[in-house]
Amino acid sequence: MIIHRTHKLVLLACIIGCLTLIAAAAIEGSWLPKVPEKDRSRSNPYENDSQATLVGKKLFQQHCASCHGPTAEGKGKRPNLHSETIRNAKPGELQWLLTNGNLAKGMPSWSRLPEQQRWQLVSYLKTLQ
């Protein structure tokens, strides 16, 4: 009977863990449907520019690392930017998020950065694996 109860507790813990991961994944990508099609379809003018990636990395360290960590692996409740959501996001979607933010999730708008710098940040983010 004790073994049976232990198995039930382990199963319950696994179910709760899975539901938590599913909910976190849904929340992480919850900004994607809000991106207007005209922004979603934009391409990064610096996509194949290695200098833009280096500048983007420096910009990340200056503006983003305090929340997302120095290696972009997340910090506290701030998301890991190596995630599948970020990897699969289109450049225009990331540019839109940087420009508009998501205050409900604690992501500020970076519209005060010039558009070129936001695209350079996108270039860097797309290198994260």
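Here is how the numbers come out for the structure above:
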| item | result |
| --- | --- |
| Counted residues, the range 39-69 - those being β-branched (Val, Ile, Thr) and either outside the structural domain of Thr99 (by TED's automatic domain parsing) or part of a loop (DSSP other than H, G, I, E, B) (or both) | 0 |
| Arg78 being open to solvent by 50 Å² or more (accessible area, probe 1.4 Å), modelled with pLDDT under 95 and assigned by TED's automatic domain parsing to the domain that holds Gln117 | yes |
| Those residues of the range 78-129 which are within 16 Å of Lys34 (Cα to Cα), outside any helix (DSSP H, G or I) and hydrophobic (A, V, I, L, M, F, W, C), in sequence order | Ala89, Met107 |
| Extreme residue, farthest from the chain's Cα centre (by Cα), among residues of the range 86-129 that are hydroxyl-bearing (Ser, Thr, Tyr) and surrounded by fewer than 19 Cβ atoms within 10 Å (Cβ to Cβ) | Ser111 |
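The values are calculated or read from the model by the stated rules, or taken from the named source; none is laboratory data. As the structure is a prediction and not an experimental result, all values here were calculated from the model. When we count neighbours, we look across all protein chains shown, and the Cβ atoms used for this are built from the backbone with ideal geometry, even at glycine. All accessible areas refer to the heavy atoms of the entire protein, side chains included, with ligands and DNA or RNA removed. Shrake-Rupley method; radii C 1.70, N 1.55, O 1.52, S 1.80 Å.
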